[in-house]
Amino acid sequence: MVGGLLPAGTTLPPAPYVLVVLLAAGGVVAALRRRRPRVTARRVLALAPWMALGSAAHVLYVVDALPARLAPLAGSPTVYLTVGSLAGAAWLAADAARPDRVAATVAGVGVVLLVPVVAVAFGTGLSPVGARWSLIALALTVPVAGAAWAGLLRLRPETAVTGSVGALAVFGHALDGVSTAVGTTQLGFGERTPVSRILLELGGIPPVPVLGEGWVFLLVKLAVATAVTWLFAAYVRETPAEGYLLLGFVAAMGLGPAAHNLLLFSVAA
């Protein structure tokens, strides 16, 4: 469920798909490097719907709800390059057409693409139990992430420079931690990533309500996310463009798997 080193289910599509995706990604990266659009916290934050889009597309792949010709593009890890290329292209187009509205345009296009993908996933069958636990996980995450972010700002005030992107990184990893704990404890889902599975299968851990023994996994996720966000503060201050982009990548590593968890629980639990 959560991203990491060689998770189960990692596959590569047929060679023609690999070639097309690599060429598309390479072309978008080259165009971005040539144009060098301005990078701000708002523009990186606008990529949040795209992070969820990749996860939603992969859920369709998991439940076999994609046309055969499109399915290889949504496997793991190909889906990251597929959606990343689309997001980069949208950013380039928005920057060329309306430089003053890039963030709104990129976020809007991401939402427009995300909604039908989620609708198709729900159309495969909704699990009331899974959907309820997904909502519980989301509701529980809000105060947990809020407390973690507030505590980080209190202990390390300099972290405030990361702004909304830093907050998104903490929230994304908090949601990943909570949803993974709920999925394994309440819904019987297995963890695909070896390192995460070790943390979730530690013996002798006293359980807590809702999260079970998974609270340890959540604690580790929060510790790593807050530490990385604090470490990136100096980078963001000195080189904002690169700092925000890399911190946005950190946020995606939490929010993407978390969105995947919530949608998968809702349709496959």
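List of remarks:
- Qualifying residue in region 69-76 (condition: buried (at least 21 other Cβ atoms within 10 Å of the Cβ) and hydroxyl-bearing (S, T, Y)): no
- Hits in region 200-211 - residues which are surrounded by 15 or more Cβ atoms within 10 Å (Cβ to Cβ) and either modelled with pLDDT of 90 or more or outside the structural domain of G166 (by TED's automatic domain parsing) (or both): V210, L211
- For the condition modelled with pLDDT of 95 or more, small (G, A, S) and surrounded by fewer than 17 Cβ atoms within 10 Å (Cβ to Cβ), G26 qualifies.
- Residue count, region 42-52 (criterion: surrounded by fewer than 24 Cβ atoms within 10 Å (Cβ to Cβ) and not in a helix (DSSP H, G or I)): 0
- Extreme residue, nearest to A103 (Cα to Cα), among residues of region 220-269 that are among the hydroxyl-bearing types (S, T, Y) and in a helix (DSSP H, G or I): Y244
- Selection within region 77-106 - small (G, A, S) and in contact with a Lys or Arg (Cβ under 9 Å, 6 or more places away or on another chain): A94, A96, A103, A104
- Selection count, region 53-68, where residues are surrounded by fewer than 24 Cβ atoms within 10 Å (Cβ to Cβ) and touching a helix residue (DSSP H, G or I) at 6+ places or on another chain (Cβ under 9 Å): 7
- Taking the listed residues A31, A57, A65, A87, the one that is in contact (Cβ under 8 Å) with a residue 40 or more places away in the chain, outside the structural domain of A169 (by TED's automatic domain parsing), of a type in the set (G, A, S) and not in a helix (DSSP H, G or I) is A65, with no other qualifying.
- Among the numbered conditions (1) under 25 Å from D64 (Cβ atoms); (2) small (G, A, S); (3) surrounded by fewer than 18 Cβ atoms within 10 Å (Cβ to Cβ), the only one that G130 does not meet is (3).
- Within region 237-249, tally of residues that are crowded, with 24+ Cβ neighbours inside 10 Å and among the aliphatic types (A, V, I, L, M): 1
The values are calculated or read from the model by the stated rules, or taken from the named source; none is laboratory data. Because the structure is a prediction, the values reported are computed rather than measured. No Cβ is skipped: glycine too gets one built from the backbone with ideal geometry, and neighbour counts run over all protein chains shown.
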